[in-house]
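Below is one structure, written out as structure tokens; comments come after it.
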């Protein structure tokens, strides 16, 4: 059912953009959703359709906004078991297995985390007008570990703001070749698309800022166990940063060594810790998850435990 909202504008400053005003009045809706409604003629200003998102408002103007119900996504829900670390009416935290793709794509229409969440969750976020789980940060197919998805628009926007302000704790365990020269440190190297191989990322001057903090936990002959914390969240960030340092992740089929010493189904990279403030209650939440079996088997081999 279409929802109708009427406002008598109180503008900040001399003039204020229409989309900015509506975003301030309706924090539960994303700015991109509001801009889409304006483009589709769902916003009237003094009885006339709004001309554009950047239209300037004056105090006292009447604004009428129509909000149609979110559309159903065309992605099919699938009854796929999930390892749920936490769940309430606002969000869900899952421990994604290695080998599972997060979002459906041309080569992966089914069997993804989104397919599984659509079946599992009754309530879904309607951000941008489509009902779907609000996944705010991704994990590569062969990276296992903790990931949060929002069920409501308010939770989606609240978590997105925390990510933007770098308030979300995202820590990983990785097995990497060699040993960093320092026991702990920071990799501050901008990341962008590889100049020749467009499916790969690469350190590139002038690209987007990317910062990874690392700490050496254990050292073995030719291999290190590292704990890493993301300050930013670029595509393939940890994998590219470690390869750039000369310490690629074991089992990485893209940035790793051509000849692998260990039998692994993919990169030995696991999102072991996830922390954030609950967007509705304000409670500090923190979750941990052990690495998958293949990761732990290599660790046992390195430690000489059989």
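Here, each number is a calculation from the coordinates, and none is a lab measurement. Note that the structure is predicted; figures quoted are calculated from it, not measured. Cβ sites come from the backbone with ideal geometry, for glycine too, and all protein chains shown count toward neighbours.
Some points to look at:
- Relative contact order [Cα under 8 Å, 6+ residues apart], the chain, whole percent: 14
- Residue 39-residue 61 pseudo-label distance in nm [points 7 Å out on the Cα-to-Cβ vector]: 2.0
- Span per principal axis, largest first, for the Cα atoms of the chain (Å): 75, 44, 40
- Separation in nanometres of the label points that stand 7 Å from Cα toward Cβ, at residue 74 and residue 2: 2.4
- Mean residue ellipticity (222 nm) of the chain, computed from DSSP H runs ≥ 4 via -39,500 (n - 2.57), nearest 500: -5500 deg cm²/dmol
- Going from the fewest other Cβ atoms within 10 Å to the most, the residues 181, 77 appear in the order 181, 77.
- Cα-based shape type of segment 166-306, given that a ≥ b ≥ c are square roots of the gyration tensor eigenvalues and the cut on a/c is 1.5: oblate
- Length gained on full extension, residue 259 to residue 215, computed as 0.36 nm times the residue gap minus the Cα-Cα distance: 13.3 nm.
- Each Cα pair under 8 Å and six or more residues apart adds its sequence gap; the mean of these over the residue count of segment 166-306 is a relative contact order of 26 percent.
- Extending 7 Å from Cα along the Cβ direction at residue 24 and again at residue 109 yields two label points whose distance is 4.7 nm.
- Helix axis angle, 153-164 relative to the chain longest principal axis, alpha carbon, degrees: 50
- The Cα center of segment 43-91 and the Cα center of segment 1-35 differ in position by 12 Å.
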